[in-house]
């Protein structure tokens with residue numbers, strides 16, 4: 001089992017962002033010291049009432065602090081962008097990280113982002129698929145000519161080319177059933193989202209396996225999943241420490257419309273915290289958290305991307321959680337994995 005650290009880097013408006021970034025650098029150095037495998041940074045624009053650092057420059061800067069880790073652009077909101085730009089940006093990161101970049105791609109779901117980038121949600125699937133085809137070609141062919149709905153490549157080249165061959169791993173994030181099938185068609189693996197209940201994830205993994213079988217593609221060797229994770233000495237203490245910050249984040253998800261992108265029957269993030277906790281979050285004492293991670297491993301998950309910080313959480317609490325995970329939870333999981 002690989003353990004990754006998700007750095008949302010989203011902060012209240014009143015926060016001092018220079019101090020926040022200094023804290024991030026400390027977390028990254030600590031992650032390498034404690035034996036984490038990867039660092040993930042997501043992407044959103046116009047995140048009011050929160051501030052958020054932008055993905056590509058963020059990853060470029062923090063990669064210098066932890067040269068042994070993998071770095072996951074997870075996810076790029078690909079329908080907002082042009083393929084040549086993303087191909088060259090990710091290839092540059094691959095060189096800067098000595099071949100340790102992961103390219104995560106997904107649709108996005110917020111109107112404010114689509115409108116700001118001059119497109120609409122109704123076009124997002126076509127744009128995602130066209131961009132993925134183009135990016136793969138740019139990473140594997142010397143010159144590419146391709147006409148699509150929102151770009152034209154006329155003997156275009158990706159300069160520079162990535163180090164990893166044939167290209168950096170492509171993780172496709174998805175919520176809907178059709179999104180799962182798309183992940184099988186276009187990705188190297190399905191990047192399992194943090195929001196769905198485990199029963200939904202189990203059902204969708206079967207869809208994923210079925211689609212891979214139809215495509216005559218093998219099940220991937222790496223199956224990543226992102227989850228909200230928090231550990232303290234006891235379950236009650238863990239809940240009392242993390243609840244105010246995690247509730248704030250999921251209130252933002254609901255207000256942004258994340259629910260609308262989720263499958264029917266599992267599409268309400270406005271539920272009471274206790275209901276959200278029941279089958280989504282990994283929170284508790286070391287033994288409880290290890291048991292829940294091992295349950296995920298039984299699904300095939302072997303790279304767990306853990307979100308352990310939410311807006312407003314103090315740095316001391318983040319570092320304490322990281323240390324407790326590394327010293328008590330990781331060994332328990334590794335012993336039984």
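The values are calculated or read from the model by the stated rules, or taken from the named source; none is laboratory data. Every value quoted in this text rests on a predicted model; they were computed, and no experiment measured them. Note: ideal-geometry Cβ built from the backbone for every residue, glycine included; neighbour counts use all protein chains shown.
Has the stretch 45-56 got any residue that is at negative phi, exposed (fewer than 15 other Cβ atoms within 10 Å of the Cβ), without any contact (Cβ under 8 Å) to a residue 24 or more places away in the chain and not in a loop (DSSP other than H, G, I, E, B)? Within the stretch 45-56, none of the residues are at negative phi, exposed (fewer than 15 other Cβ atoms within 10 Å of the Cβ), without any contact (Cβ under 8 Å) to a residue 24 or more places away in the chain and not in a loop (DSSP other than H, G, I, E, B). For the stretch 132-163, a residue qualifies if it is over 23 Å from the mean Cα position of the chain (by Cα), outside any loop (DSSP other than H, G, I, E, B) and within 14 Å of residue 83 (Cβ to Cβ), and the qualifying residues are 137, 138, 140, 144, 145, 146, 147, 152, 153, 154, 156.
The one condition from (1) assigned to a loop (DSSP other than H, G, I, E, B); (2) in contact (Cβ under 8 Å) with a residue 12 or more places away in the chain that residue 14 does not meet is (2). Yes or no: the stretch 235-243 includes at least one residue that is at pLDDT below 95 and under 20 Å from the mean Cα position of the chain (by Cα). No, every residue in the stretch 235-243 fails to be at pLDDT below 95 and under 20 Å from the mean Cα position of the chain (by Cα). Considering only the stretch 83-97, state which residues are touching a helix residue (DSSP H, G or I) at 6+ places or on another chain (Cβ under 9 Å) and either closer than 12 Å to residue 157 by Cα or assigned to a helix (DSSP H, G or I) (or both). 83, 84, 86, 87, 88, 89, 90, 91, 92, 93, 96 - these are the residues of the stretch 83-97 that are touching a helix residue (DSSP H, G or I) at 6+ places or on another chain (Cβ under 9 Å) and either closer than 12 Å to residue 157 by Cα or assigned to a helix (DSSP H, G or I) (or both). Residues that are part of a loop (DSSP other than H, G, I, E, B) and crowded, with 20+ Cβ neighbours inside 10 Å within the stretch 169-193 comprise 175, 187, 193, listed in sequence order. May I ask you to verify whether residue 39 is surrounded by 15 or more Cβ atoms within 10 Å (Cβ to Cβ), in contact (Cβ under 8 Å) with a residue 24 or more places away in the chain and in a strand (DSSP E or B)? The answer is yes for residue 39.
Here residue 129 meets the list (1) in a helix (DSSP H, G or I); (2) under 18 Å from the mean Cα position of the chain (by Cα); (3) surrounded by fewer than 21 Cβ atoms within 10 Å (Cβ to Cβ); (4) touching a residue at least 40 places away in the same chain (Cβ under 8 Å) almost entirely, failing just condition (2).
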